[in-house]
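What follows is calculated from the coordinates using simple rules that are stated; it is not laboratory data. Being a predicted model, the structure only gives us computed values, none of them experimental. Cβ coordinates were reconstructed from backbone atoms using ideal geometry, including for glycine residues, and neighbour counts include every protein chain displayed.
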Amino acid sequence: MFGEGHPLPDPGPIKARVRRQGQKRAFVFAGVERTPIVTEAVANVFRAHAPDDVQLFPVTVDGEAESFFIVNAARVLDCIDETNCREIQCYAEDDPFPEYAGQFRWINGLRIDSAKTEGAHIFRLKKFKIAFIVSEDIKNALEGVGNLGVSFERVTEAPDLH
């Protein structure tokens, strides 16, 4: 539910566990790479720079005393620039997942039309919700936190969104 890109009611207490031990990171994706879980420092970036674009839900991580949050991007925008994407793989009509008909299975070289982003700093894409899009300002602020478990890929020609 945290990867759908729409506002959610408060889900109440949430617990998560670490599936694979490794270096602690300030920003990771869980649940088939769709649920962003972040530290307090990253949550503060979202609070300061994009309070209307996200919801932050506290999550207890087993074995951790630190505060963590699930980030729910509360907006979905129809702004994929299909012409300029390198490759788009669509779900077929006879796909085993009929609920995904009309959506994209994968996009290589994703490009979006920044004129259609409606000023949003954080959002999901209408036909490709796995993508978690952030503005250049958010990217820079997140990089200032450091120790991220994510990387950024430019999705516009102009230097404004990643």
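Any chance you could count the Lys pairs in the stretch 1-158 whose alpha carbons are under 21 Å apart, treating pairs 8 or more apart or on different chains as valid? Don't skip to the end; give the middle numbers.
Numbers: Lys15/Lys24; Lys24/Lys139; Lys116/Lys126; Lys116/Lys127; Lys116/Lys129; Lys116/Lys139; Lys129/Lys139.
The number of close lysine pairs in the stretch 1-158 is 7.
Kirkwood-based Rg over Rh for the stretch 36-96 (C-alpha set), two decimals?
Dividing the radius of gyration by the Kirkwood radius yields 1.18.
In nm, to one decimal, how far is the modelled label at Glu40 from the one at Tyr100, with both set 7 Å along Cα→Cβ?
Placing both labels 7 Å along Cα→Cβ, they lie 3.8 nm apart.
Could you tell me the distance between the Cα centroids of the stretch 33-90 and the stretch 133-147, to the nearest Å?
Distance between centres, Cα-based: 12 Å.
Along its three principal axes, how long is the stretch 26-162 when you only count alpha carbons? Whole Å, largest extent first please.
Each principal axis gives a Cα extent; for the stretch 26-162 these are 47, 36, 24 Å.
How much length is gained if the chain between Ile130 and Glu153 is pulled fully straight, taking 0.36 nm per residue apart and subtracting their Cα-Cα distance, in nm to one decimal?
Full extension of this stretch gives 6.9 nm more.
Hey, with R₀ at 35 Å, roughly what FRET efficiency would Asn108 and Ala65 work out to, going by the Cβ-Cβ distance, to 0.05?
On the way: r = 41 Å, r/R0 = 1.16.
Using R0 = 35 Å, I get an efficiency of 0.30.
So between Glu82 and Ala16, what do we pick up on full extension, going 0.36 nm a residue minus the alpha carbon distance? Walk me through the numbers before you get to the answer.
On the way: separation 66, 0.36 × 66 = 23.76 nm, distance 3.59 nm.
Between Glu82 and Ala16, full extension yields 20.2 nm more.
Work out how much length Gln23 to Glu118 would gain on full extension: take 0.36 nm times their residue separation and subtract the Cα-Cα distance, in nm to one decimal. Let's see the in-between values first.
Numbers: separation 95, 0.36 × 95 = 34.20 nm, distance 3.65 nm.
Length gained, Gln23 through Glu118: 30.5 nm.
Between the helical axis of 40-49 and the dominant principal axis of the chain, each derived from Cα atoms, what acute angle in degrees is found, rounded to the nearest 10?
50
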